[in-house]
Amino acid sequence: MAVPGSAYTGFGSFHSDNIQDLIAQSDSDYRPPTIPPDICMPEFPSYDAMMTSLLEPLEELGSGGCFGKALLDRGVFLLDRKWTFLNHGAFGATCLPALRAAEVWRRHTERQPLLSFDRVLLPHLVRIVRLVSRVIGARSCADVVLVPNATQGLWACIQTAARVLHPDDAILTLDIGYGSVKKMVKEVTKRFPVKHVEVTVPLPPVGDASSADIALQIHTTLEQALKSHGHVKLVLVDAITSNTAICLPVKRITELCHRHGAAVIVDAAHALGQIPLNVSDWGADIVVGNFHKWWCAARGAAFVYSNGDLDLDHFRVPRPEALVISHGYGHGMLSEFSWDGNRDYSAWLALDASDRFWSSLGVDRAREYCVGLLRDAATLLVKDWSTRTLVPLDMCHMMALVEVPVRDEHSTDDNQKLTSDNAKFLQDKLHYQYSIEVPVKCVDSRLWVRISAAVYNTIEDYQRLSAVIREIFPMSV
Ligand SMILES: Cc1ncc(COP(=O)(O)O)c(C=O)c1O
């Protein structure tokens, strides 16, 4: 507690304790602030009572392995039942406890904005950062900051790194990386005298390549690129790729890049919730991920982890600089990222609700359900359509690409070249005509659906997709 009447201990005009001091405290010394007693919905006596009423029914569902439509029946997700919703991978879907928690924090702010921003917000952000650091497996909570989304985190980190690169140094990306990240890298090559090297991962893999073969091929291609472009100082790699839904061997890639003197930024936007996350174990320099996709948090919540444990053998990415200079500037990483101006911070404050949501549902049981469902769904589609998945299913967790059996009625040509226009046409048709929300991708001149398996999906969703595709392409089956 700040001593009444003493000088401010935090940054700017905030009347709260210094958040750098709070984040640096050991777990045994740290005393979390209590949730304000007046923060809750009118019908509940306290925040905890509200959470208990939302979470208790989930414990029953989870312990009975009762996922799927039971979650929609009970309003745990607000998804409109008219849709066959197979695209959790795009923007996620927020669980009710997180929505409610964000709502009560928003109401708290509006009841007394000065009290909320000036005195309550920052200590609670520290509480949340300490909590989510454990969730993501960061060795130290001092290495973690919150950002509104992965995009902002990635742009902050890439710019920070580019500023300290030398002329002719290069940044390497894989062609299967996220589109906006490639644009970021292109842009920094205009702003700084650095080069961009892009490595191609041939997809689909040739023949009956196993996941080990594919991982080895990526490793070999990357190693060749690192050797032939001697100046690669920074590598960007996805934990799980977006368009192709492939889980990459991040730890091995990081070790390889470090051996060649390059730092690694991991884009882990799809990781938390799909895989058990342990960012420190990857050993990468920076990991950026979000909470609002597979962890079902309220929108506007993501993280940047900057590894404080690295030795200095390879190019060192500095601690990322926040995109916005504000009151916390110059006070340390957490201060710099925590306040970027007057806006809605409720998604960050509500992160404990998502954590409690997954604990109540049983995070391992839920993950097992989704991964099993993805496998069953992909196997069903491959069989019904006589096609294939893009990569072996042991490289996928809760998303996979399955080839669509496209033939038109005038042709049985297996080698027809399809384009992203065809993909858009089919995705729109599924959306408008059948109320099926699933992305259609064009890879190697073929069309593929990228299916997602979330806790609210069931095998019937994919059976419907299968039947509709067979109706659209009757010649193919
Ligand atoms: C691989 C990857 N990186 C980054 C992002 C951007 O995430 P956000 O929308 O949280 O900024 C996405 C979004 O889908 C993604 O798939």
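The values are calculated or read from the model by the stated rules, or taken from the named source; none is laboratory data. Predicted model only: the values in this text are computed from it and were never measured. Every residue, glycine as well, gets a Cβ built from its backbone with ideal geometry; the counts of neighbours run over all protein chains shown. Quick note on the areas: whole protein, heavy atoms, side chains included, nothing else; ligands and nucleic acids left out. Shrake-Rupley method; radii C 1.70, N 1.55, O 1.52, S 1.80 Å.
Which residues, counting only those in region 107-132, are crowded, with 20+ Cβ neighbours inside 10 Å and free of Cβ contacts under 8 Å to residues at least 12 places away in the same chain?
Ser116
If you scan region 223-260, which residues turn out to be touching a residue at least 40 places away in the same chain (Cβ under 8 Å), of a type in the set (A, V, I, L, M) and away from the ligand (no atom under 16 Å from the Cβ)?
Ala225, Leu226, Val232, Leu234
Considering each residue of region 94-149, count those that are of a type in the set (Val, Ile, Thr) and assigned to a loop (DSSP other than H, G, I, E, B), and give that number.
So the count comes out to 1.
Confirm whether Arg81 is among the charged types (D, E, K, R) and surrounded by fewer than 18 Cβ atoms within 10 Å (Cβ to Cβ).
Yes.
With the condition kept exactly as written, say whether any residue in region 180-192 is of a type in the set (Asp, Glu) and under 19 Å from the mean Cα position of the chain (by Cα).
no
Tally time: how many residues in region 267-292 are closer than 24 Å to Ala212 by Cβ and near the ligand (Cβ under 10 Å from one of its atoms)?
Selection size over region 267-292: 4.
Quick one: is Ala138 within 28 Å of Thr200 (Cβ to Cβ), in contact with a strand residue (DSSP E or B) (Cβ under 8 Å, 6 or more places away or on another chain) and not β-branched (Val, Ile, Thr)? Spell out how you get there, then give the answer.
Working: within 28 Å of Thr200 (Cβ to Cβ): no; in contact with a strand residue (DSSP E or B) (Cβ under 8 Å, 6 or more places away or on another chain): yes; not β-branched (Val, Ile, Thr): yes.
Answer is no for this residue.
Filter region 29-74 for residues that are polar (S, T, N, Q) and within 30 Å of Gln112 (Cα to Cα); which is most open to solvent (accessible area, probe 1.4 Å)? Steps first, answer last, please.
Step one: filter region 29-74 for residues polar (S, T, N, Q), giving 34, 46, 52-53, 63.
Checking which are within 30 Å of Gln112 (Cα to Cα) leaves us with 34, 46, 52-53.
Numbers: Thr34: 116, Ser46: 41, Thr52: 57, Ser53: 55 Å².
Applying the filter and picking the extreme gives Thr34.
Can you tell me which of Val120, Val132 is under 18 Å from Ala297 (Cα atoms) and among the β-branched types (Val, Ile, Thr)?
Numbers: Val120 fails: under 18 Å from Ala297 (Cα atoms).
Going through Val120, Val132 in turn, the sole match is Val132.
From (1) surrounded by fewer than 17 Cβ atoms within 10 Å (Cβ to Cβ); (2) away from the ligand (no atom under 16 Å from the Cβ), pick out the condition that doesn't hold for Glu187.
For Glu187, the failing item is (2).
State all residues of region 201-248 that are modelled with pLDDT of 95 or more, more than 14 Å from Pro392 (Cα to Cα) and part of a loop (DSSP other than H, G, I, E, B); if no residue qualifies, say none.
Of everything in region 201-248, those that are modelled with pLDDT of 95 or more, more than 14 Å from Pro392 (Cα to Cα) and part of a loop (DSSP other than H, G, I, E, B) turn out to be Ala239, Thr241, Ser242, Asn243.
Go through the residues of region 465-474 one by one and say whether even a single one is farther than 30 Å from Arg365 by Cβ, touching a strand residue (DSSP E or B) at 6+ places or on another chain (Cβ under 8 Å), open to solvent by 20 Å² or more (accessible area, probe 1.4 Å) and not basic (Lys, Arg).
Within region 465-474, none of the residues are farther than 30 Å from Arg365 by Cβ, touching a strand residue (DSSP E or B) at 6+ places or on another chain (Cβ under 8 Å), open to solvent by 20 Å² or more (accessible area, probe 1.4 Å) and not basic (Lys, Arg).
Would you confirm whether or not region 131-147 contains a residue that is within 16 Å of the ligand (Cβ to nearest atom), in contact with a Gly (Cβ under 6 Å, 6 or more places away or on another chain), of a type outside the set (Lys, Arg) and closer than 23 Å to Pro318 by Cβ?
yes
Would you mention how many residues in region 274-286 are in contact (Cβ under 8 Å) with a residue 60 or more places away in the chain and either assigned to a loop (DSSP other than H, G, I, E, B) or buried (at least 24 other Cβ atoms within 10 Å of the Cβ) (or both)?
Residues flagged as in contact (Cβ under 8 Å) with a residue 60 or more places away in the chain and either assigned to a loop (DSSP other than H, G, I, E, B) or buried (at least 24 other Cβ atoms within 10 Å of the Cβ) (or both) within region 274-286 amount to 6.
Quick check on Thr160: is it of a type in the set (Val, Ile, Thr), open to solvent by 30 Å² or more (accessible area, probe 1.4 Å), in a helix (DSSP H, G or I) and out of contact with any helix residue (DSSP H, G or I) (no Cβ under 6 Å at 6 or more places or on another chain)?
It is false that Thr160 is of a type in the set (Val, Ile, Thr), open to solvent by 30 Å² or more (accessible area, probe 1.4 Å), in a helix (DSSP H, G or I) and out of contact with any helix residue (DSSP H, G or I) (no Cβ under 6 Å at 6 or more places or on another chain).
Output the number of the condition that Leu71 fails; it satisfies all remaining conditions of (1) within 20 Å of Leu361 (Cβ to Cβ); (2) in contact with a helix residue (DSSP H, G or I) (Cβ under 6 Å, 6 or more places away or on another chain); (3) of a type in the set (A, V, I, L, M, F, W, C).
(2)
Could you say whether any residue in region 163-178 is open to solvent by 40 Å² or more (accessible area, probe 1.4 Å), assigned to a loop (DSSP other than H, G, I, E, B) and within 16 Å of the ligand (Cβ to nearest atom)?
yes
Identify, from the list Ser335, Ser360, Ser354, the residue that is touching an Asp or Glu at 6+ places or on another chain (Cβ under 9 Å), in a helix (DSSP H, G or I) and open to solvent by less than 30 Å² (accessible area, probe 1.4 Å).
Ser360
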